[in-house]
1. Those residues that are assigned to a strand (DSSP E or B) and either buried (at least 18 other Cβ atoms within 10 Å of the Cβ) or modelled with pLDDT under 95 (or both), I need them from region 156-172; list them, please.
2. I'd like to check something: does region 95-105 contain any residue that is among the hydroxyl-bearing types (Ser, Thr, Tyr) and over 22 Å from Met170 (Cα atoms)?
3. Every residue in region 193-229 that is among the charged types (D, E, K, R) and more than 20 Å from Leu161 (Cα to Cα), please.
4. Keeping to region 68-115, report how many residues are within 16 Å of the chain's Cα centre (by Cα), among the β-branched types (Val, Ile, Thr) and away from the ligand (no atom under 16 Å from the Cβ).
5. Name, by its number, the condition in (1) away from the ligand (no atom under 15 Å from the Cβ); (2) of a type in the set (S, T, N, Q); (3) within 20 Å of Ile117 (Cα to Cα) that does not hold for Ser23.
6. Every residue in region 219-238 that is within 16 Å of the ligand (Cβ to nearest atom) and among the aliphatic types (A, V, I, L, M), please.
7. Quick check, is Met118 away from the ligand (no atom under 16 Å from the Cβ), under 21 Å from Leu199 (Cα atoms) and in contact with a helix residue (DSSP H, G or I) (Cβ under 9 Å, 6 or more places away or on another chain)?
Amino acid sequence: MRYRANLRALLPALLLLTGAAPSPPAFDLVALGVNGGVEEPTSAYHIKAHGASSGVMCDVGTLAAGIEQARRRGRYPNAASREEVMTSISAYLITHAHLDHVAGLVLASPNDTKKDIMALAPVNQALADHYFNWSVWPNMGDRGASPRLAQYHYRDLEAGLPTPIPGTAMTVTAYPLSHAGSPSTAFLLRSGQDALLCLGDTGPDAVEGATRLNELWRAVAPMAREGRLRGILIEASYPDPVPDARLYGHLTPSWLGKELQALRGMVGDDARMKALPILVTHIKPSGTSRSSRAAVRRQLQDLGFFNFIILEQGGEYAL
Ligand SMILES: [Zn+2]
């Protein structure tokens, strides 16, 4: 008893020594698909405010199959069925319209419920023109080829403008990215004071001849400095070395490291930057072996400093 009482008396002093009380998680994430192509399931991240019953998907490379895999790993213990999990998703955030980011949305659509698809205008237009067009799939949207079944309502996001996500207490802000010259998107999700950043495919600014990542880092650096940014989901598609001309709008560990160093400079607080979870996604399994993930992991470790976490298929993360 005495020991316990003494510990309680010591707690404020211990907190002073460690700098701050550990803050409770702000977001829950289940990785439904972590691959960047060749092998399924591909990019799909189910994100909720911590403890909330409804959430969003950041990209939908897989949906039904990804949920089944996650359920086999013990995720969604309170959901009676895959459909129940799908119903709990309030909206789809689509970074870009490449197949490895939307295939699950298209395939699951006949069994889905009414939802908003939230994306930058060119991405929504590509979905309406090239998928939900009655040529490759029935038009489940409310735009494009008639008849429009209107299960999905396209909502064009204005870059840089926080927009409430229906059915949740979160907002989303879209930032354009450059993916081999074609449009891609980073989504900043906000829940109360906290934020989580989910990037679609992107090349490094220096290779893309763009400033998109630099602008994004500038936008989120203040939140990272204040400890309100809870994580960054970002790709590392191939292990090094890859000639710049063969990146095709992607990052390698060395390029990811360079981009994060730019953010580190803007944050100006190494302790905060070191603690920030960098959630690495979209590794492309190589055609001849399974060694890509191991190589990316090793190369990220060699970079040092940053808190890299390679997302695992069906993994659950409290951030
Ligand atoms: Zn991709």
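The values are calculated or read from the model by the stated rules, or taken from the named source; none is laboratory data. For clarity, every value in this text was computed on a predicted model and none was experimentally measured. Cβ atoms come from the backbone with ideal geometry, glycine included; neighbour counts cover every protein chain shown.
1. Leu157, Val172
2. Residues of region 95-105 that are among the hydroxyl-bearing types (Ser, Thr, Tyr), as a first pass: 95.
Still in the list and also over 22 Å from Met170 (Cα atoms): none.
No, that holds for no residue.
3. Listed by number, the residues that qualify are Asp201, Asp205, Glu208, Arg225, Glu226.
4. 1
5. (3)
6. Once the filter is applied, which keeps residues that are within 16 Å of the ligand (Cβ to nearest atom) and among the aliphatic types (A, V, I, L, M), region 219-238 yields Leu233, Ile234, Ala236.
7. Here the answer is yes, as Met118 does meet what is asked.
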